[in-house]
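Q: Starting off with a structure, shown below.
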Amino acid sequence: NLLHSDRDPIPDVPAIYFVMPTEENIDRICQDLRNQLYESYYLNFISAISRSKLEDIASAALAANAVSQVTKVFDQYLNFITLEDDMFILCHQNKELISYHAINRADIQDTDMEAIMDTIVDSLFCFFVTLGAVPIIRCPRGNAAEMVAVKLDKKLRENLRDARNSLFTGDNISAGQFSFQRPLFVLADRNVDMATPLHHTWTYQALIHDVLDFHLNRVMMEEGAGAEPSPAGARPKKKNRKSYDLTAADKFWQKHKGSPFPEVAESVQEELDAYRAQEDEVKRLKSIMGLEGEDEGAISMLSDNTAKLTSAVSSLPELLEKKRLIDLHTNVATAVLDHIKSRKLDVYFEYEEKLMSKSTLDKSLLDIISDPDAGTPEDKMRLFLIYYITAQQAPSESDLEQYKKGLLDAGCDLSPLNYIKQWKAFTKMAATPANYGNSGVKPMGLFSRVMNTGSQFVMEGVKNLVLKQHVSRIVSPETDDYRYFDPKMLRGSESSIPRNKNPFQEAIVFVVGGGNYIEYQNLVDYAKSKQGKKVVYGCSELFSSAQFIKQLSQLGQK
């Protein structure tokens, strides 16, 4: 942490701070002022700073005789992380404070829950200030998503009411970005669909997140993961960790992050072949250029080839960049493939797809659980939980005992199952269980329709995940399961849902309790299939299946 490191005074240099307005950060800024570290101070707070903390800084500046040196203080409203043009998460550090585990603890106090909801709402408020738009909010009733919606509506309303300081008027609105259209903000709760985050996936980005160490668009890998064993008795070589950034500038990544893995492997090979052909051409031209002798043909070829070589040389930087990206994806895809082969992930993917879409199963669940070559204990647990969550009829006690024995023999920890049993009992009481597949449509779709005031934001023909049904309910005017908030209405009574036919062009779907790349990919595919529609996916935290299972485990041990 740079802010809290020991820093020497540089009295003739201005300093720019970009920090959260936490107690300890404010104390440190005050200490820097007292120590006269810099010539001037530009303070940028990621989230809005409270008046009392601002007064603390003012007092420290006054005491240190540095008032004139505090040049600017900004509230930046940037307390969220944009991972893609159409995806954001709330926080990376201290994410356990707003994790699924934190929200769903059995012993949670009301005050803790309030604090978690306030943290989430603060970040979402920052998101909409940055977007420069006041959304129409829809959410289901009776869960954490509703609590977030109520608080967010209140916070937006209060800001709009304060005309002098409103962040949504005049200069603060990004000109023309949403001049006529307001975005629809759909809040969903993770508890609506617990199977998807456990699912073994098959698309490139989601697979990387599932099987490798992938955070904030950077994948960390051990070099030469499949290195040859050290000679007997020798100390094993320390493996270097290598990091690769997968960014928007990487054309291959942009094109293939949502592709099924076999397609990616094929494309890497094609890129490699094309690169080699280009490289060979440069080599061939170079050797021709070295031609000696007075051969007339050679001389005319020479002028021709000079032009070719010049163009080849000028494209060299591009060629080298291409080579770097091919090497990167070869290494990453190879590492993913090693996991697929060693854990039989294709078997899991197919079986889970069938479970989720209620298709006929070609082998018994117990066979996979008891196959020592198929996957890790965690893979087996994920598969069983998906079966348990999606089963319309819970397994009989004797069947369950048999499964439990199989799981224990395979080395599984049963705590996640304990929690999922409680969760299932609770959701049965609360409402009808989610319907996971609907006939003939592949599973994994998310949000088939998103409410818009009258018209539909339809998502058919895309693989179908659960939140879909819940969101499709918003569409039908006769159900009042979903609440409607419009922070711009003077006093939102819920009866005031407009029935006009303006379709939404922009929807932001946010999952309270955590999300994953499978759902994100679904929305991306949907947006591509509908011209002019834009969908953004957000979640309170982005977890891999392993991280999610760990949280379920902690909840199941209580």
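Here, each number is a calculation from the coordinates, and none is a lab measurement. Being a predicted model, the structure only gives us computed values, none of them experimental. Glycine gets a Cβ as well: all are built from the backbone with ideal geometry, and neighbour counts include every protein chain shown.
Q: Taking R0 as 51 Å, what FRET efficiency do you get between F74 and D280 from their Cβ-Cβ distance, rounded to the nearest 0.05?
A: Efficiency computed from Cβ-Cβ geometry: 0.40.
Q: Label-point separation (nm) for E223 and N94, each offset 7 Å from Cα along Cα-to-Cβ?
A: 3.7 nm
Q: Step through the residues of region 253-263 one at a time and calculate ³J(HN,Hα) from phi using the Karplus curve (6.51 cos²θ - 1.76 cosθ + 1.60, θ = phi - 60°), rounding each to whole Hz and writing x for Gly and Pro.
A: Using θ = phi - 60°, the values come out as 4, 4, 6, 10, 4, x, 7, x, 4, x, 5 Hz.
Q: Another one. For the ranges 371-381, 193-203, 5-15, what's the packing order if you count other beta-carbon atoms within 10 Å of each residue, average per peptide, and put the highest first?
A: Values: 371-381: 17.5, 193-203: 24.2, 5-15: 9.5.
Packing proxy ranking, top to bottom: 193-203, 371-381, 5-15.
Q: Tell me which residues come under 5 Å, amide H to amide H, from M20 once H is placed; ignore anything under 5 positions away on its chain.
A: I46
Q: Gain in length, R105 to L414, computed as 0.36 nm per residue apart minus the alpha-carbon separation, to one decimal in nm? Don't jump to the answer; show the numbers that get you there.
A: Working: separation 309, 0.36 × 309 = 111.24 nm, distance 1.78 nm.
That pair, R105 and L414, stretches by 109.5 nm at full extension.
Q: Follow-up. Sort 259-266, 240-247, 346-353 for me by packing, meaning the mean count of neighbouring Cβ atoms within 10 Å per residue, highest on top.
A: Ranked by mean Cβ neighbours within 10 Å, highest first: 346-353, 259-266, 240-247.
Q: Further, regarding this structure: HN-Hα J couplings of region 10-22 from phi, Karplus 6.51/-1.76/1.60, θ = phi - 60°, integer Hz, Gly and Pro as x?
A: 3J(HN,Hα) across region 10-22, in whole Hz: 10, x, 9, 10, x, 10, 10, 9, 10, 9, 7, x, 8.
Q: Starting from the Cα of D12, move 7 Å in the Cα-to-Cβ direction to define the label point; list residues of region 39-83 whose amide nitrogen is under 19 Å from there.
A: Correct set: 39-41, 69.
Q: Okay, which of region 250-274 sit inside 11 Å, backbone N to the point 7 Å along the Cα-Cβ direction of E84?
A: 254-259
Q: Can you tell me how much longer the chain between E350 and S166 gets when fully stretched, taken as 0.36 nm per residue apart minus their C-alpha distance, in nm with one decimal?
A: Gain in length upon complete extension: 61.1 nm.
Q: What full-extension length gain, to one decimal in nm, is calculated for S315 and E401 as 0.36 nm per residue of separation minus the Cα-Cα distance? Before the final figure, lay out the partial values.
A: On the way: separation 86, 0.36 × 86 = 30.96 nm, distance 6.50 nm.
Length gained, S315 through E401: 24.5 nm.
Q: Something else now. In sequence order, what are the phi-derived ³J(HN,Hα) couplings for region 396-409 according to the Karplus relation 6.51 cos²θ - 1.76 cosθ + 1.60 with θ = phi - 60°, rounded to whole Hz, with x for glycine and proline?
A: Using θ = phi - 60°, the values come out as 5, 4, 5, 5, 4, 4, 5, 4, 4, 4, x, 5, 5, 4 Hz.
Q: Same structure, new question: Give the long-range amide H neighbours of S540: residues separated by 5 or more places, or on another chain, with amide H under 5 Å away, using H modelled in the peptide plane at 1.01 Å from N.
A: For S540, the qualifying residues are V511, G513, G514, G515.
Q: Can you list the residues of region 72-101 with backbone N under 11 Å from a point 7 Å past the Cα of H4, pointing along Cα to Cβ?
A: Zone members listed by number: none at all.
Q: Going by amide H atoms built from the backbone, whose H comes under 5 Å of the H on L83, apart from near neighbours?
A: Excluding prolines and chain starts, which carry no amide H, the hits are F88, I89.
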